[in-house]
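Only one structure is covered here, and it is reproduced in the block below.
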Amino acid sequence: MTNELIKLSAREVHRLLRGKDVSPLQLLDALEERIAEVDQAVNAVPTLCFDRARERARSRDFSTLPLAGIPVAIKDLIAVAGVRTTWGSMIYRDHVPKTSDLLVERIEAAGGIVYAKTNTPEFGAGANTFNDVFGFTRNPWNTALSAAGSSGGSAVALATGMAWLATGSDLGGSLRNPASFCAVAGLRPSQGRVASDPGNLAFNHMAADGPMARNVADVALLLDVMAGYDARDPMSLDDPAISFEENALKRQVPPRIAFSADLGVTPVDPEVAQICEGAAMRFSELGAIVEHDHPDFSGLQEVFQVHRAMSYAASFGPLLEANRSVFKPEIVWNVEKGLALTADEIMAAMVTRSQIYERAQRFFAQTDLILTPATVVPPYPVEQRYVERLGKHEFSNYIEWCSIAYAFTVIGAPALSIPCGFTQSGLPVGLQIVAAPRQEARLLSAALAFEELAGICTQLPIDPRS
């Protein structure tokens, strides 16, 4: 029974919970058993809180709530009351918060049961999941390789059957990169769609929390709970009129779709580009016209790097001197870059960002969706901190290799990574599907139609492969 439960989708488990054919306690038993079987090989869920989860599961009947008692794994960048929360940093290695992040409050109020924290790089910095507290998270398709990051723990837990639903977060691709590397689905929603702790830059918050799952419909199920207005986040959007799950299940593909292998901003591994282009052209089988095109992202690098540096300076600047020797070097570099910014540099980045957004809006007035690779390379060796070069191009810093993802961060658009194929060596490749800002319903509906055509999500969960 335990093994059969692990194989089910989140929506299938949800139906069993609603009908009281299975209990939250049975699901927790199944997860605990599966984690004991496979996590040693991948190190995705280093912090477990099954006692807390079982106490909550016994506290009431969850079957009438939106999540009906389904267990949810929480990325270790999000505080859970009474549960060790480290942010992947030695500074907080023994930290146990007394209160939960507002997103956790929302998930638990909807009947989600938190049972695990998933691994992340220190403060989410860098697209490879490792830290000095818990070590490396490994890719289940080949445990010698990276699971990407910073939501690598969540992606691996989903791919291996240690989770049905998990949270991720995304500034420069931190949710989409691991979804691509692990063959799961992950959505970075529109800016403000999911209310979150606004931090020190409440009105200039580029990071976004989002849902991760093994398939698109399960992503939509969790998004319906995560999305909605919260007064604590001044940029949060109102609840949608129609549920995202309902919209996804329509499986409607809009007629005007664009594909770009590189958005004009980055080199791309040729095999990855070929796989993604082949997947994009399959949308013609669903009735769409697919053309090669993309918005003009001129100025992207300066815009993103300045805004990222500002956020790091605001968040970690006060901690820098006392913790310089503890912080990973990429964080030190990013904080110092932010502290050194001039008013002219910040103003120029804000103006250019507005110009990029305006050009993107004109593009989306003529095009319903744009498709790209979710990452520009297949999974790389886990010990490699980040992608330093691709072909003849040497990336200027530790995050530039994620340009194809953060181009859409800059315009606040919803972007989904779903598996679309495998390399000749058997490694997953993700297709990034993007809609205009606030058009998650259109995005999820088309993505579900493609997912069923591609048929890759049915291969999960897998046992880790060495």
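The values are calculated or read from the model by the stated rules, or taken from the named source; none is laboratory data. Since we're looking at a predicted model, the values are computed, not measured. Note that we place each Cβ from the backbone using ideal geometry, even for glycine, and neighbour counts take in every protein chain shown. Only protein heavy atoms, including side chains, enter the accessible area calculation; ligands, DNA and RNA are left aside. Shrake-Rupley method; radii C 1.70, N 1.55, O 1.52, S 1.80 Å.
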Relative contact order computed over region 159-260 (Cα-Cα under 8 Å; 6+ residues apart), in percent: 27 percent
Contact order normalised by residue count of region 206-268, Cα under 8 Å, 6+ apart, percent: 25 percent
Three-way shape call for the chain based on the alpha-carbon gyration tensor, with the a/c threshold at 1.5: rounded
Relative contact order [Cα under 8 Å, 6+ residues apart], region 21-180, whole percent: 25 percent
Simple label model, 7 Å out from Cα along Cβ direction - Asp230 to Arg256, nm: 3.6 nm
Theoretical FRET efficiency, 1/(1+(r/R0)^6), r = Cβ-Cβ of His292 and Trp333, R0 41 Å, to 0.05: 0.70
Paramagnetic reach from Gln459 in region 107-150 [backbone N under 15 Å; point 7 Å along Cα→Cβ]: 139-143
Full-extension gain in nm, Leu25 to Ala241, via 0.36 nm per residue minus C-alpha separation: 74.5 nm
Nearest-20 debye value, region 152-231 charge dipole, Cβ charges on Lys, Arg, Asp, Glu: 220 debye
Kirkwood Rh and Cα Rg combined as Rg/Rh, region 299-399: 1.04
Accessible area expressed per residue, the chain, with surrounding protein chains retained (probe 1.4 Å, Å²): 36 Å²
Under the span-like rule (Cα at least 18 Å along the axis, Kyte-Doolittle mean at least 0.0), DSSP H helices of the chain: 24-42, 300-316, 440-454
Accessible heavy-atom area order of Asp296, Asp368, highest first, probe of 1.4 Å: Asp296, Asp368
Carbon plus sulfur fraction of accessible area for the chain, probe 1.4 Å, in percent: 49 percent
Ordering of 154-167, 246-259 by packing [mean C-beta count within 10 Å, highest first]: 154-167, 246-259
Peptide ranges 389-402, 260-273, 187-200 listed from the most packed, as the mean C-beta count within 10 angstrom indicates: 187-200, 260-273, 389-402
Spatial separation of Cα centroids for region 40-96 and region 273-287, in angstrom: 38 Å
Largest to smallest accessible area among Met206, Met310, Met347 [probe 1.4 Å]: Met347, Met310, Met206
Shape of region 185-333, Cα gyration tensor, a/c cut at 1.5: oblate
Considering only the chain, percent of DSSP beta bridges that pair antiparallel, nearest 5: 70 percent
Heavy-atom SASA rank of Phe422, Phe408 (probe 1.4 Å, accessible area, largest first): Phe422, Phe408
Cross-link table Lys75/Lys328; Lys7/Lys117; Lys75/Lys392, entries beyond 26 Å C-alpha to C-alpha: Lys75/Lys392
The chain - mean residue ellipticity at 222 nm from DSSP helices (-39,500 (n - 2.57) per run, n ≥ 4, rounded to 500): -11000 deg cm²/dmol
For region 200-246: rounded, prolate or oblate by the Cα gyration tensor [a/c cutoff 1.5]: oblate
